């Protein structure tokens, strides 16, 4: 009889219910449903150019201090390699491709912004 009292007092012989089931120590969280990524808005290269100092040296169709954007578009095909190379020139500066006057670098621009500017310029090809 003592054994039975001990088993009942300790919960022996009972089937656990929802309330009495042991809590899992697992650190796994339930799998979350996949979240669709929002489309990335493409930067407006024209607006970025207008907001910068680019127009001090460049015009769309006439050489100023630097080449006209349309001349750049005629010289370079719109490829990812050319966009990357020209964006690098915007960021670091350059000299020699369009004359002796150097273009100052613009290290405060992001690579993404410089690329958007180049893509806009290369889209001016007629």
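The values are calculated or read from the model by the stated rules, or taken from the named source; none is laboratory data. All of these numbers come straight from a predicted model, not from anything done at the bench. For neighbour counting, all protein chains shown are included, and Cβ atoms are generated from backbone atoms with ideal geometry for every residue, glycine included.
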- Message: Could you check the range 65-104 and list, in sequence order, the residues that are in contact with a strand residue (DSSP E or B) (Cβ under 8 Å, 6 or more places away or on another chain), assigned to a loop (DSSP other than H, G, I, E, B) and touching a residue at least 12 places away in the same chain (Cβ under 8 Å)?
- Response: 65, 66, 67, 93
- Query: Could we say that residue 41 is part of a helix (DSSP H, G or I) and either at pLDDT 55 or above or closer than 30 Å to residue 104 by Cα (or both) here?
  - Reply: no
